[in-house]
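Taking it in order: structure first as structure tokens, then the write-up.
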Amino acid sequence: MAELNVTKKSISSLFSEMQGTKFIIPDYQRPYKWDLEKCEILWQDLTGFFEERMGSEEYYLGTVVTCKNDESGKIEIEVIDGQQRITSLLLLLRAFYSKLENSAIEDDNITGLKNQIAPCIWDVNPISGRVSDTNLIHIESRVATESDNEVFHAILRSGKSKPNATDLYSKNYNYFFSMCEEYAMHNPIHWQAFCVSILKNCIILPIDCEKLDTALTIFSTLNDRGMPLSDSDIFKAQLYRTKTTAQEKSEFTSSWRELTETVDDAGIAKNAVEQIDQTDCAIVVMPNRSSVRGCLFLAEIVPSKMIDLVVEFREVIGNSFQNLSRRKDK
């Protein structure tokens, strides 16, 4: 079994140690899925911990499973498990930074806090500690669509988002920023200490896998360990594991991304493939259960992509793929 390296890091250490590199959300991962409810729970947990903690007590936010990848010639940290929390925490830190930027008066405390948060989000000058390029952020999603990445990166760069945007990045960032504003207004003496508490007293346990195959195995077993994956997540991960060259992986992720964007544009949910029957006919499960109608429409607009992916997956998994639908009834 490959060696696993487990460490203990504060939020500040986890992110600020990413100078010169970044967290990569790899192609086989699921997209960002946290909604407002999960962000509300995170915020309530953090404020509750801060208001009730005693002394140097720490709050554990769970584990993050990563794998170092140097195939591109530079070291990248692929996130296997924990990308939802990492992404949400970066949005939260950017919201705090925006609140500090908007302060009427910048005293030593404001400057000090900004200097603590900045290296968590961006690369900073090793001598001055200042941010010289806000494009050098510490995360990149290779599973997100191009438009979603543009929105996410723009938020981290500028601290601005459209107030009526419907994407999860914008909605969650707007929520965190409004909570920062509200907390500062009702707790003018303590809100800066609350920010420090998140940076210093909130703990993550990073687990670094030495081999990508081990990381992929962990990802595939998450569905049975209390963190449900949708059928499309499993579908994608299993196909990705069969790709052995960089070109094959690139072609597959490009095809999958194209299919994802087409489905999103058409308003069809891609949450599951329920079964493949004996005649190789795919039935796609929609939230409104209009399976046949949705599948026929999808096949009409992207016939080759739909058929190729389904046939390829059947070859990889075989008849055992039918178990995906059976477990829904258990």
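Annotations
- Using the Cβ-Cβ distance between residue 181 and residue 56 with R0 set to 30 Å, the FRET efficiency from 1/(1 + (r/R0)^6) comes to roughly 0.60.
- Using the Karplus relation 6.51 cos²θ - 1.76 cosθ + 1.60 with θ = phi - 60°, the per-residue 3J(HN,Hα) values for segment 23-34 come to 6, 10, 8, x, 4, 7, 7, 7, x, 5, 10, 4 Hz, with x marking Gly and Pro.
- Relative contact order of segment 67-177, defined on C-alpha pairs under 8 angstrom at six or more residues apart (%): 24
- At R0 = 45 Å, FRET efficiency that the Cβ-Cβ distance of residue 110 and residue 37 yields, to 0.05: 0.90
- Over 27 Å between alpha carbons, listed pairs 9/211; 9/243; 74/114; 22/243; 38/160; 8/68: 9/243; 74/114
- Cα gyration tensor, segment 1-131 - rounded (a/c under 1.5), prolate or oblate: oblate
- Residues whose amide H lies under 5 Å from that of residue 207, counting only those 5 or more places away or on a different chain, are 64, 65, 66; hydrogens are built 1.01 Å from N in the peptide plane.
- Largest accessible area first, the residues 186, 153, 138 order themselves as 186, 153, 138 under a 1.4 Å probe with ligands, DNA and RNA left out.
- DSSP-defined antiparallel bridges as percent of all bridges, segment 1-154, nearest 5: 55
The values are calculated or read from the model by the stated rules, or taken from the named source; none is laboratory data. Everything quoted here is computed from the prediction, not taken from an experiment. Cβ sites come from the backbone with ideal geometry, for glycine too, and all protein chains shown count toward neighbours. The area values use the complete protein model at the heavy-atom level, side chains included, leaving out ligands, DNA and RNA. Shrake-Rupley method; radii C 1.70, N 1.55, O 1.52, S 1.80 Å.
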